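The values are calculated or read from the model by the stated rules, or taken from the named source; none is laboratory data. The shown structure was predicted, so the numbers you read here are calculated from the model rather than taken from an experiment. Here Cβ is always computed from backbone atoms with ideal geometry, including for glycine, and neighbour counts include all displayed protein chains.
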């Protein structure tokens, strides 16, 4: 459609230029004086004007071809721009989603660090408490054990000789 818009003004310009040339020729021919040009001179002048018109028409045709080429290049660039704009919009949506996830993970990390600090404090107090308290006696180890394996582990951890070591020494 853009070629049609450019072709119509081009035709109008050519018609206007032809009319102007004919009007100029008519005005110069309408003069009556002693120095009226001869028919041969008018023919020569008309030929020059027609040659100039053809040259201008060829230049206009060349320019129209360049305009058409530039139009196609502009269309190509606009299509590429549209594709890049769509990709940019999708990337911005993805970036917003990732930023939201990052913010949520940073909040979670802060909570986990607080929980870790509390747990470390409790562990620190329990370790200090276990070192400060006296080792349990055999009766409390037996009563607090939930099974035979736990009883053996507690006895070994408090330095009680294991049953296997007693058998070897005997």
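Six or more apart or on different chains, Cβ atoms under 8 Å: show the pairs whose first residue is in the range 146-168 and farther than 15 Å from residue 135 by Cβ and whose second is in a loop (DSSP other than H, G, I, E, B) and at pLDDT below 60.
Filtered contacts from the range 146-168: 152/162.
Return yes or no: is residue 49 surrounded by 10 or more Cβ atoms within 10 Å (Cβ to Cβ), in a helix (DSSP H, G or I), in contact with a helix residue (DSSP H, G or I) (Cβ under 6 Å, 6 or more places away or on another chain) and modelled with pLDDT of 90 or more?
Answer is yes for this residue.
Condition test on residue 128, is it in a helix (DSSP H, G or I), under 19 Å from the mean Cα position of the chain (by Cα) and either closer than 30 Å to residue 15 by Cβ or without any contact (Cβ under 8 Å) to a residue 24 or more places away in the chain (or both)?
For residue 128, the condition - in a helix (DSSP H, G or I), under 19 Å from the mean Cα position of the chain (by Cα) and either closer than 30 Å to residue 15 by Cβ or without any contact (Cβ under 8 Å) to a residue 24 or more places away in the chain (or both) - is not met.
Just one of the numbered conditions (1) surrounded by 11 or more Cβ atoms within 10 Å (Cβ to Cβ); (2) modelled with pLDDT of 85 or more is not true of residue 54; which one?
Among (1) surrounded by 11 or more Cβ atoms within 10 Å (Cβ to Cβ); (2) modelled with pLDDT of 85 or more, the lone unmet condition for residue 54 is (1).
Residue under question is residue 64, and the condition is that it be surrounded by 10 or more Cβ atoms within 10 Å (Cβ to Cβ), in contact with a helix residue (DSSP H, G or I) (Cβ under 8 Å, 6 or more places away or on another chain) and under 30 Å from residue 10 (Cβ atoms); does it hold?
In short, yes.
Can you tell me which condition residue 78 does not meet? The list is (1) modelled with pLDDT of 95 or more; (2) within 30 Å of residue 154 (Cα to Cα), and all the others hold.
The number of the failed condition is (2).
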